[in-house]
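Report on the structure given below.
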Amino acid sequence: MRVALYARVSTHDQQTLPLQMEGMREYASRRGWLIVREVTEVGSGAKVRPEREALMKAARRREIDAVLVWRLDRWGRSLPDLVVSLKELTELGVGFLSLNEALDLTTPTGRAMAGLLAVFAEFERDILKERVKAGIAQSRAKGKPHGRPATTRTQQQKARQLFAQGSSKSQISRELGISRSSVRALLEEPTATTVGNQS
């Protein structure tokens, strides 16, 4: 089996890199696997990991059969990120193994574990959504506005007032700090009170 080793360390913890690589090489050797790539990244909490993305591209091209990591937190930035990447590897038929957690997605038990991770990630997303909804409801209950400030109505009134006083659309645009097309839209739209009366 062709395996790629992936190791990541923070900028302050680079001394553990040789330990990670040595442990993974020994494990791959015991399993009789062929190491075709050794990938290392240094950085703390980076959102973009070019080396990991290059490894994923190699997996999509079926250049590797499995990815071996030292620990799960070396691979995933967060639980959702971890689950999404593991799901993609599973769908590609590329195995994933983590030494410290003894997670082996090349086995039926490991694939069941990946399914559980997906459930927990979905649970985390649902909790976050509920918290956001609760926060919005609480703000509204206290009479606090939610979302963008309602400036359109105020700008519409100012634009119409300036237009009635003889200002051109270009002058209104400069006065209000908005584009001419926005000025035109404000002047052409019915007022909020007009719309309310029609309903």
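Does D65 satisfy the criteria of being closer than 17 Å to L105 by Cα, over 21 Å from the mean Cα position of the chain (by Cα) and among the charged types (D, E, K, R)? Quick ask: steps written out before the conclusion?
On the way: closer than 17 Å to L105 by Cα: yes; over 21 Å from the mean Cα position of the chain (by Cα): yes; among the charged types (D, E, K, R): yes.
Spelling it out, D65 is indeed closer than 17 Å to L105 by Cα, over 21 Å from the mean Cα position of the chain (by Cα) and among the charged types (D, E, K, R).
So, S168, is that one modelled with pLDDT of 80 or more and exposed (fewer than 13 other Cβ atoms within 10 Å of the Cβ) or not? Let's see the steps before the verdict.
Values: modelled with pLDDT of 80 or more: yes; exposed (fewer than 13 other Cβ atoms within 10 Å of the Cβ): yes.
When the stated conditions are applied, S168 passes them.
Given the criterion modelled with pLDDT of 80 or more, in a loop (DSSP other than H, G, I, E, B) and in the same structural domain as M21 (by TED's automatic domain parsing), identify the matching residue among E88, E101.
Numbers: E88 fails: in a loop (DSSP other than H, G, I, E, B).
After ruling out the rest, the residue left standing is E101.
Given the criterion without any contact (Cβ under 8 Å) to a residue 40 or more places away in the chain and buried (at least 16 other Cβ atoms within 10 Å of the Cβ), identify the matching residue among G32, G76, G95, G43.
None of the others qualify; the one that does is G76.
One line per residue, one yes/no per condition, for (1) within 20 Å of V83 (Cβ to Cβ); (2) touching a Lys or Arg at 6+ places or on another chain (Cβ under 9 Å); (3) hydroxyl-bearing (S, T, Y); (4) assigned to a loop (DSSP other than H, G, I, E, B):
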| position | (1), (2), (3), (4) |
| --- | --- |
| V3 | no, yes, no, no |
| A7 | no, yes, no, no |
| T11 | no, no, yes, yes |
| T16 | no, no, yes, no |
| R25 | no, no, no, no |
| I35 | no, yes, no, no |
| E38 | no, yes, no, no |
| E53 | yes, no, no, no |
| K57 | yes, no, no, no |
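State which residue pairs qualify: first residue assigned by TED's automatic domain parsing to the domain that holds V67 and inside region 8-21, second residue assigned to a helix (DSSP H, G or I) and buried (at least 16 other Cβ atoms within 10 Å of the Cβ) in any location, beta carbons under 6 Å apart, and separation of 6 or more residues or different chains.
Pairs that qualify, where the first residue is assigned by TED's automatic domain parsing to the domain that holds V67 and the partner is assigned to a helix (DSSP H, G or I) and buried (at least 16 other Cβ atoms within 10 Å of the Cβ), are R8/R74; V9/L17.
Tell me whether region 131-149 contains one or more residues that are polar (S, T, N, Q) and either at pLDDT below 80 or within 30 Å of L82 (Cα to Cα) (or both).
Checking region 131-149: at least one residue is polar (S, T, N, Q) and either at pLDDT below 80 or within 30 Å of L82 (Cα to Cα) (or both).
Scan region 161-181 for residues that are touching a Phe, Trp or Tyr at 6+ places or on another chain (Cβ under 8 Å) and among the β-branched types (V, I, T) and jot them down.
Across region 161-181, the qualifying residue is only I172.
The values are calculated or read from the model by the stated rules, or taken from the named source; none is laboratory data. If you're wondering where the values come from, they're calculated on a predicted model, not measured in any experiment. Here Cβ is always computed from backbone atoms with ideal geometry, including for glycine, and neighbour counts include all displayed protein chains.
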